[in-house]
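What follows is one structure encoded as structure tokens, with my remarks underneath.
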Amino acid sequence: MKIAIACDHGGFPMKATVVNVLMQLGHELVDLGAYTNDPLDDYPDFARYVGQAIQHKQADRAILICGSGVGACVAANKIKGVRASVCHDNYSAAQGVEHDDMNVLCLGGRIVGEEVAKLLVKAFVGAKFSGEERHRRRLEKVLAIEAAADSAQ
């Protein structure tokens with residue numbers, strides 16, 4: 001699977017761990033930064049990079065890391081086609097994909113430790129959208145909300 005990864009300074013220390021896990025699992029990476037630990041960078045910029053990679057089909061999924069994961073998640077969800085969530089447990093990281101077709105995992109580099117982050121990444125990339133009728137129906141409703149918001153602008 002082709003996976004984009006990006007982080008701001010709050011997620012920079014965790015980025016190498018996530019990259020290593022993805023490489024060990026055999027995924028193709030699209031590294032969208034940060035490439036240095038710059039305390040003046042901003043998570044919305046990296047959320048935009050990830051969102052554009054999803055929109056333009058340069059990546060199937062993405063992992064976005066900031067200090068808490070929350071700001072990156074909020075910003076990423078403003079981008080059409082992105083379904084991002086902060087996850088701190090394996091169940092949510094897998095179930096978000098299986099039930100909700102989540103395509104961006106947001107991690108809090110200051111919230112979860114390295115070992116938990118490894119497990120979350122494995123759960124996220126190992127999951128597949130179930131396609132069950134109830135999950136398709138709910139996803140269609142989410143997409144309709146997105147389309148209505150888009151047309152209202």
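General observations
- Number of the exception - residue 6 against (1) touching a Cys at 6+ places or on another chain (Cβ under 8 Å); (2) surrounded by 23 or more Cβ atoms within 10 Å (Cβ to Cβ); (3) not charged (D, E, K, R): (1)
- Summed over the range 35-85, the residues that are under 23 Å from residue 140 (Cβ atoms) and either touching a His at 6+ places or on another chain (Cβ under 6 Å) or of a type in the set (S, T, N, Q) (or both) give a count of 3.
- Subset of the range 70-89 that is among the hydrophobic types (A, V, I, L, M, F, W, C) and part of a loop (DSSP other than H, G, I, E, B) - its residue that is surrounded by the most Cβ atoms within 10 Å (Cβ to Cβ): 87
- Residues satisfying the stated conditions in the range 4-26, i.e. of a type in the set (A, V, I, L, M) and touching a residue at least 12 places away in the same chain (Cβ under 8 Å): 4, 5, 6, 14, 18, 19, 21, 22, 25
- In the range 77-114, the residues that are among the small types (Gly, Ala, Ser), over 21 Å from residue 37 (Cβ atoms) and touching a helix residue (DSSP H, G or I) at 6+ places or on another chain (Cβ under 8 Å): 81, 84, 85, 93, 94, 96
- Residue that is crowded, with 18+ Cβ neighbours inside 10 Å, more than 18 Å from residue 93 (Cα to Cα) and of a type outside the set (A, V, I, L, M), where the choices are 33, 51: 51
- Within the range 24-36, at least one residue is among the β-branched types (Val, Ile, Thr), in a strand (DSSP E or B) and under 23 Å from residue 78 (Cα atoms).
- Restricted to the range 97-139, and to residues there that are surrounded by fewer than 10 Cβ atoms within 10 Å (Cβ to Cβ) and acidic (Asp, Glu), the residue that is nearest to residue 73 (Cα to Cα) is 115.
Read-outs throughout are calculated quantities, based only on the coordinates presented, and are distinct from any laboratory measurement. Keep in mind the model is a prediction, meaning the values are calculated, not measured. So basically every Cβ, Gly included, is an ideal-geometry build from the backbone, and we count neighbours across all protein chains shown.
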